[in-house]
Each structure stands twice: as structure tokens, then as C-alpha cells.
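The values are calculated or read from the model by the stated rules, or taken from the named source; none is laboratory data. Not measured: the values here are computed from a predicted model. Using ideal geometry, Cβ is built from the backbone for each residue, glycine included, and neighbour counts are taken over all protein chains shown. Note: accessible area is taken over every heavy atom of the protein model, side chains too, but ligands, DNA and RNA are not part of it. Shrake-Rupley method; radii C 1.70, N 1.55, O 1.52, S 1.80 Å.
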Amino acid sequence: MRFAIGLLTILAIASIIGTVLKQNEPYPNYAFEFGQFWFVAFEKLGLYDVYHSSWFLLILAFLVLSTTLCIIRNGPTFLREMKSFRERATDNSLRAMRHSQQLDLTLDEARAMRLLQGHGLRVKRVPRDDGSVLLAAKKGSANKLGYFFAHIAMVVICIGGLMDGNLPLKLGELTGSIKPETRELPQAQIPEQSRLGAGNLSFRGSVTVPEGKSADVIFMNSGNGYLVQELPFIVTLKKFHVDYYSNGMPKLFASDLIITDKGSGKTSEHTIKVNHPLVVDGVAIYQASFGDGGSPLQLKAWNLQTPQAAPTDIKGNSLGAQPLKVNGRDYRLEFGELRVFNVENTGAPGSDDKSLEQRLNDARSVRQDTKALKNIGPSISFKLRDQHGQAREYQHYMAPMQQDGEWYQVAGVRSDVAQPFQYLRIPLDKDMSIASFMRLYAALKNPALYDEIRERTTAKAMQGQAISPAMQQQFSDSVRWVLSRFAQGGFGALEQFLDDKVPADKRQAIAQTYIKILQGAVVDVMDVAQAKAGLPAWPQDAKHYRFLLDSLVSVSALQDYAAPVYLEMSGFEQVQSSGLQMTRSPGKNVVYLGSLLLVIGIILMFYVREVRVWLLLQRDGTRLAMTSNRHNRDLDQDFERMVDYLNKQAGEA
Amino acid sequence: MEMVLQQPLYKRLAAGDWLYALLIIVAAGYSFSLYGSALDYYEQLILAGSSIALVALGWFWPSWRWFFPLAGAVSLLAIQLYDHNLARAAESFGLKYLLSSQSSFMWMCTLFFLATVLSWAGTLSRAGLLMRMGSGLTWAAAVFALAGLFTRWYESYLIAPDVGRIPVSNLYEVFILFCLITALMYLYYEAKFAVRQVGAFVLLVISAAVGFILWYTFDRQAHEIQPLIPALQSWWMKIHVPANFVGYGAFAMSAMIGVAQLLIRRGILASRLPSAEVLDEVMYKAIAVGFLFFTIATILGAMWAADAWGGYWSWDPKETWALIVWLNYAAWLHMRLVKGWRGEPLAWWAVVGLLVTSFAFIGVNMFLSGLHSYGAL
């Protein structure tokens, strides 16, 4: 048994490894994390799927063997013990027991039998040579049964686990008849040796099915690749439903499935939800996850080289990729996920410094503060990859967002997946469109307009007596220079110039001047742009001026956007996909049976006490002796109680 | 558990037992008539099963007969004060300072701290009065804990009908459950084995849990009632989680008794504590009961996983650590029952067992990722 305890300890320690090292991840993740040497070392030890590694299974096998041997070894003895009344106990042995007392009373046999049986004991009567009668009684033999149940249960559970394990798979991989696929191929092209037939007795894998589509296989991670498991039926996702709580967490997701049996062609419809799987043909289908299933998108592409041109309409599919030709260059537009709900915390940060009283008040209330949580609407992420393979990732939000009372269209950009997104907010005009901004942007980027612009700006400045006539030319040149520099590189370019050419003590003042010039000139840029487009003049009020100032910020931010096009979301048709997990586990009921046996076994072992009572009825007295398989206070108390009881009974007689 | 040679059950029951049983049956019947149509088949079974279990528990442990109805009455008072409106919690004096779930929990925390101080004062100075006060405060804290949980259950429905759920779904709520169950198990053994002096030790681990609860409330606002994610929307939660905490509570209690035993065997506080043999026996009984419930809880968890996660066993870190805890205590019990070990090595093992259990309880949620990270910090 020491060996068994040792094995239990090793099993426990081995199990820990699998919890600190994430199991069944794709091999490249491990290679990346551990470096080449340790990656190979851990792989040889089987640590990436430790619970199915040969040495772990060996430990389990030894444990089962050890338990079985224990049962076989103890079995006959225990069975004998359970049946025996120990009626052959001699006077001496009765006297030697710890709980043994000679009582100064006599009981007639029938009475004594009734007494014992009244306490739930089973009695065997043995007449002795010297005329005395020994009544050997016992109770609680089920205690030993508990031992059998509990230990047989362990073996049964392990057998069930083995039935559901992937031993045949491992053997197949060892002999080479099964080889995981490592390439990304369409399902139909995956070769035979990576496919498992529908007759496979136990498996567990998953598949993602978009709305309206079907699947008749599932995928299982295996080693450094994956395997395809064929199903005996076809699963079609008719519709996927998702419901949210007011704080943006998913409340419910359910799939309406149509199951078509491959053999008979019969179909049946079912709805599955989390915690409510469907069992078909021995295969349990679980609702595991959900996501975007490739939704048709409509976008408007604004060419940032020629922003005055109207946008072109582009159609795409989320999760798909398509070529994009802009300004004679070839790009690849790789769409990511379409997210229809984006619940964000729009509350102001810095509300963390609370007084003690506020904290106490907060601790009183159980309702979440959801005032700051808002659904900011759909978003699409995509990557724009140039001919050299360089890509930037973008995230565009479709719905206008309000900040400080004005409406913006928000877009995020990043050049590295590990970095957070940097956001750009384009101010929206009264039609909630970015067309006005684009018009302004076009005018700003058009050097041919600079003369007209600077004339207007200078005239305004003269009128407002902000500059003297002598400064006029210089001012005009400055305006042109600032506009040109800003158009080329935004605020950053102006800052660069200051850092390079202007002494430190003068930078602040000159920077202020540049800003003033820009903020003055932008009005004229817009006026020129409006005139060119044949539109009425830009209103001169605070709201519209703010639009222009916001536009300056956006123009500058567009430098970081660094794409030839600005893709604006104009529409979509949501197609969701449902993540299904499917399992066939023939060993499940075996494990459940084992579990039941285990619980019954533990209850019997701990809470049914085996007690033996002997009453040696002699002519001139009675000896009472008791034993139990647990020598503890309970037995002491039982013995005393029995003595009192017998004395009382004899007294009444 | 019980004396083998005793009269049959029905002869041993007194009027109080029958009255209590009647109360439970009537309450269950009334609940069923009010809400039966909203319960699915399994939940109706759970209602029926819990009623029977509550009656059995009351008959088995006499103190339960007043404790459970008292906690229920306190909570019903709170529910009445709410008057179907959650905002009343800030207006009504009774709710604001005493009976809303958060107020109840704060009282629970305060009372547990006080009980710890008084129990230690009593044990150290051998003053019976102080120790009794410590026990009394522990009972009071337990009443507030259970009443608070009932009230919180009701409050979750007040937030919105689809948010309503039993309060055992996240780390905050189960910590309250842990304090409650550990205290109750200790109070049972205290009466049965007359080991009141050891209360000071058990209250230490409860106070540690209370400290965590306070930090978690003030620093992370963990007390806010969050609705259940789809994976937790199941009747399994009602039986798997409480069973687990009977296990955790028993293991925690036995570890602290182990600590007391180790001190006694080194002569520290020996004259103020019960004998090492008595403590040894209590430790064994606690681990036996904990082991039984932990086994049941793990099996229930596996059966739930077969409904929710794609299979009864995924070698998920939480599942695996539950197995490790189970193996640990199975080995402990083997050593005691088969090898006949007693005393010091087992006491040490029980203390180490608490570390293993703690890791399985919160360490996994804090440090490891997996399917069970609902309780993530």
C-alpha cells in the first residue's frame, strides 16, 4: 500500500505540471515561448499533452493494477470477516478484549436474543461444552462492503476513462497510420491519414459553422497539427441567436440546428444552448462559443491622395481577404471580425480617488453602476497589406460617437498587434457625414489653392489690425509656409522644424504663432473649399469653428493613419457563426457508475460502524464483550450504555 | 457518526423536532405554490431534496432547528422592508444599517473579528465566559451570513428578473459561503466534542477570509451583483458549489485543529486546550466528512461539465487541482485508517492540506487560466 500512496503522490505532482503549462496549444506557441532547446525537451517528455503521455498513463495503469491487487488480496479475508460471527471466541479471548465485563446477572436465552436483535444486531447462538451459551452478534458488516465498493469504483472509473481516452489514436500516431495535418487546407483536401472515420468510438473536437452553412466533420488538435473527425450526420446552422444583458455581457446564445443523418437522410430540428447539449447518434453537440461568420460588408473608400473625389463603393466579407488597387498600387485588404455590439466604458477615468465615505457608500450598493457603459455600435477590423507584405491594422466604428457635445467618426490604427490602437476622430458635419472634412482635407493638400487662401487670410489679418502693412508680405509667406508644412506632416512636421531650426527659448512663442496662423487660415481653407465645390459659405459660428479646429487635429492624425484609402463602413448584413463542440464518450456511463459506487463506498466505510457483541450466558453470570473496527469514544459510550441497559433489564426481570 | 446502539429514530424525536420539520415542509410547500411554475423539473427536485435535507440536518443537529429559521426570518424581514424596490436600501434605516445583504455581510465581518478576539482572550486566560461569548458571536455572524445570502438572492431579482440567481456564482459570494460553512461546522464539533477552546484557531482562518472579503469589496467592488454568463446558468450550480464548500470548510477547520495539536504537543498552550487525542479525533472526523462532500462535489462538477463543456473531464486546471486535493486527503485517510498513523505527522499533513486546498480554491483562479476562470480576480 505504501507503493500505492507513492503512486498517488507522483500522480498528483505530475498533474500539477499540466496546470502550470497550458495544454494542447499549437506547437508554434510553445516554440515561441520556450525557445528551441526547451521546446524540444518538453516535447520529448510529452508535456504538451501530459495527461495522455505514455508515462502518465503508465502511472495510472500501475495505480489500477495496485488497486486491483489490493482488492484481490483483501477480498477473501474481508468476505470471510463479513460473513463470520466470530462465534469461536474463547472465554480467554473474550476476557482479554478491551471492552469486556463480567456482569452479576443472569438472562434467559430468549430474552437475551430479543435484547440483541432489538438493537439491530444479527445473532448466532452457540451452545458450549460447559453448559453456557454464547450469543455472538454483529452489525454493520456493510462497512467492509464499502471498502470493496470504493476500490472497485476506482478501477471502474479508470476503465471508463480509458474508453474515452485517445489510446487508439496514440497507437495510430505511433505506427504512422494516423498523421496530424499541419497545413491550412480546405477540409475536403485533407488526406486520408489525417482523417478519422465516423465509426470512431470516442472523440472530442470542435467546429465553427456560419449561419446558413453546414459541417459534417469536426477538428481535433493533435500534437503539432490537427485531425479531421468525420461525423455520421450533417449539422446545418439555420440561425444563431445571441442576447445581451444591459452591461454588454452575453446573456444567452443558442443555435437552431438541422441534423441530417447521413445514412437515412432523415432531418430533425433542434435548438441547443449552453448547458443544454443535444445528443444525436451517441454524439453530444454542445454550444461552446460564437463569433462572426463572414458577414457581407459595404464600405466607402475615400482616396486620401485625391480626397476631393467622391468615395467609391466597395463590397467585402468580414474574415475574408481581397485585392485592392489604389493609385496604381496593389494592396491586399484582409478583413477581421465584424462586431455588431461594442459595449465600452465611456466614463471619465480618474474617478478612482474616492473618499472613505464614498467607498463605504459604494460597498453598500449591490447594483453595478452601468451609467457609463454604452454600446458604441458596430465595428470592423481589417489589415491593409502592401506589396512588400507590410501591414497595418485598422478598426473602424460605424456609428457616430458623441464627445463633448459634438459628433465624430472614430477609427483606430496600429502597426503592431501588441500595441494598443491609436484613435483618430473625424468631425461630422450637419449631415453626419465626413464629406465636409474630406473637402477641407483636399483643399489643404492642394498647393494650387494656397495663394488664394493666403490672400484671404492676410486680408482678414489686415482688417483686424493684427498685423501692420509692413508685415503683410512676410505674414503671407508665413501662412503659405505653415499651410504647406502642416499639409505635408501635420503638427509633427511643425514641431520637427521647431526642434531643428529654432533655439529652445524661442520655441514656445513661435509655436504659438504657428498655431494662431493655422487656426486663422483654416477658416479660409474651408471657404475656398466650399466655393470650389459650389456650396454655400461655411457658417461663422462657434460650433462650426470647433469643427474646423477638430479637423486640424484629424488632418494631423491622418499622418499616422498611413494608408492610401480611408474605408468608411456604410452597411453590413450580419452573419454569425456558432462554435460547436462535439463529443462521443462511451465511457461516460461507466464513469458515472464508478462514481456512484465510490460515493456509496465512502459512506459505508466512514459512517457504518461494524460492531460485534458477545453475550456469554453462564449459570451464575453473564459476560459482555464488544469490539468495533474503530476503537474510539463511540465504542466506549456504546459499551457503557449496553452495560447500563443490561443491568436495567435484569433489574426489571 | 451516530451511536450504533440507540433507539430507532422516531422514538428519539422530541416536539421541537416535529415542529421544525413542519415549519420546513410548510415553507417549502408555500414556496412551491408561489414559484413552482417558474422552476424546471430539476429545480423542483432540488427544492424537494433540500427540504428533506434541511429536516434531516435539524434532527441531526439540534441547534440548526433555531439557526436556520432565524436566518430565514431575518432575511424575510429584509425582503419586506425592500417592498419590491431596490432603492429602498438607501432609504430604510433597517436595510441601510442592518439588513440589506451588504450590511449583513459587514456585520458578519465585524462579528467574526470580535469573536476571534474574544475567543483568544478566553482561551488564553481560561475564562469560560469569554469563550462562550466568542461562540455566541460566531453564531451571530453565521446568522448574518446566511440571512445576507438569502437577501442577496432576492436583491439580484430586484435588479432585473433575468439577473436573479442564487448567490454562489463568483469568488466574493463563495468566500462568504466559506466563512459561513466553516463557522457552522466548527460550531457543530464544538458542541459535540466540547472543544470550545479550539474555536480561537478556527476563527483565525475565518478572519483571514474576512480580510480578503473586505479587500475585495473596497478595492475591486466585487460585491456588485453581476448577472450569470450562459455557462453558469444551470441548476447544477445550486448543488455543486455548496457541496464543494462543505469540503473546503471541513479541510480548513481540520487544518487549524492540526495547528492547535502541533502547539499542544510542543507544550504551548497545552493546559488551555483540549487533549491532543480528542483534537486528533475531531480532525479525523472533519476530514472524513470533508472528503465525502468533496468527492460528491467533484462528481457533480464532472456531471455538470458533461452538460456544459463537452465532456465530464477536461484536465482543466481547476478540475486537476480538485483531483490533487482529493488525492491528498485520500492518502491522509489511508495513512490513518490502514497504517494507523496518529498525532503529529497527520497534523502536519492536515496543515499542508490547507495550502493545497487554498491553491485549488483561489490560487487556480488567480494564477492559472482555464475554463473555470469565472472567479478570476
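Structure data summary
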{"quantity": "Single condition A:L57 does not satisfy, out of (1) surrounded by 18 or more Cβ atoms within 10 Å (Cβ to Cβ); (2) out of contact with any Cys (no Cβ under 8 Å at 6 or more places or on another chain); (3) touching a residue at least 24 places away in the same chain (Cβ under 8 Å)", "calculated": "(1)"}
{"quantity": "Unmet criterion (only one of (1) out of contact with any Lys or Arg (no Cβ under 7 Å at 6 or more places or on another chain); (2) within 12 Å of chain A (Cβ to nearest Cβ); (3) surrounded by 20 or more Cβ atoms within 10 Å (Cβ to Cβ)) for B:S119", "calculated": "(2)"}
{"quantity": "Cβ pairs under 7 Å, 6+ apart, first in segment B:69-81 and open to solvent by 60 Å² or more (accessible area, probe 1.4 Å), second part of a helix (DSSP H, G or I)", "calculated": "B:L70/B:V143; B:L77/B:L99"}
{"quantity": "Unique residue being within 11 Å of chain B (Cβ to nearest Cβ), touching a residue at least 12 places away in the same chain (Cβ under 8 Å) and not in a helix (DSSP H, G or I) when the list is A:V591, A:V613", "calculated": "A:V613"}
{"quantity": "Pairs where the first residue, in segment A:598-609, is within 7 Å of chain B (Cβ to nearest Cβ) and the second is of a type in the set (V, I, T) and outside any helix (DSSP H, G or I), C-beta under 9 Å, 6+ apart", "calculated": "A:R609/B:V4"}
{"quantity": "Residue within segment A:136-143 that is open to solvent by 60 Å² or more (accessible area, probe 1.4 Å) and of a type outside the set (G, A, S) present", "calculated": "no"}
{"quantity": "Single residue of segment A:609-641 satisfying the filter (of a type in the set (A, V, I, L, M) and within 55 Å of the chain's Cα centre (by Cα)) that is surrounded by the fewest Cβ atoms within 10 Å (Cβ to Cβ)", "calculated": "A:L635"}
{"quantity": "Complete set of residues in segment A:220-253 that are in a strand (DSSP E or B) and under 30 Å from A:K371 (Cβ atoms)", "calculated": "A:H241, A:V242, A:D243, A:Y244, A:P250, A:K251, A:L252, A:F253"}
{"quantity": "Matching option when the condition is within 14 Å of another protein chain (Cβ to nearest Cβ) and at pLDDT 90 or above, among B:Y35, B:Y82, B:Y30, B:Y20", "calculated": "B:Y82"}
{"quantity": "Count of segment B:185-206 residues which are within 30 Å of A:N361 (Cα to Cα) and either at pLDDT below 90 or open to solvent by less than 20 Å² (accessible area, probe 1.4 Å) (or both)", "calculated": "2"}
{"quantity": "Odd one out for A:Q519 among (1) open to solvent by 40 Å² or more (accessible area, probe 1.4 Å); (2) part of a helix (DSSP H, G or I); (3) at positive phi", "calculated": "(3)"}
{"quantity": "Of all residues in segment A:627-638 being out of contact with any Ser or Thr (no Cβ under 6 Å at 6 or more places or on another chain) and within 9 Å of chain B (Cβ to nearest Cβ), the one that is modelled with the lowest pLDDT", "calculated": "A:N632"}
{"quantity": "Unmet criterion (only one of (1) more than 10 Å from chain B (Cβ to nearest Cβ); (2) under 20 Å from A:M154 (Cα atoms); (3) modelled with pLDDT of 85 or more) for A:F3", "calculated": "(3)"}
{"quantity": "Any hit, segment A:212-219, residues being under 30 Å from A:K170 (Cβ atoms) and not in a strand (DSSP E or B)", "calculated": "no"}
{"quantity": "Unmet criterion (only one of (1) of a type outside the set (V, I, T); (2) without any contact (Cβ under 8 Å) to a residue 40 or more places away in the chain; (3) in contact with a helix residue (DSSP H, G or I) (Cβ under 9 Å, 6 or more places away or on another chain)) for A:M401", "calculated": "(3)"}
{"quantity": "Hey, A:R122 within 14 Å of chain B (Cβ to nearest Cβ) and surrounded by fewer than 18 Cβ atoms within 10 Å (Cβ to Cβ) or not", "calculated": "yes"}
{"quantity": "Any chance A:Q117 is assigned to a strand (DSSP E or B) and either at pLDDT 85 or above or surrounded by 18 or more Cβ atoms within 10 Å (Cβ to Cβ) (or both)", "calculated": "no"}
{"quantity": "Single condition A:Q23 does not satisfy, out of (1) facing chain B (nearest Cβ under 10 Å); (2) touching a residue at least 24 places away in the same chain (Cβ under 8 Å); (3) assigned to a helix (DSSP H, G or I)", "calculated": "(3)"}
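Condition check ((1) closer than 20 Å to A:G579 by Cβ; (2) surrounded by fewer than 20 Cβ atoms within 10 Å (Cβ to Cβ); (3) under 24 Å from the mean Cα position of the chain (by Cα)) across all residues:
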| site | (1), (2), (3) |
| --- | --- |
| A:G160 | no, no, no |
| A:P168 | no, yes, no |
| A:S177 | no, yes, no |
| A:P180 | no, yes, no |
| A:N200 | no, yes, no |
| A:N224 | no, yes, yes |
| A:L227 | yes, no, yes |
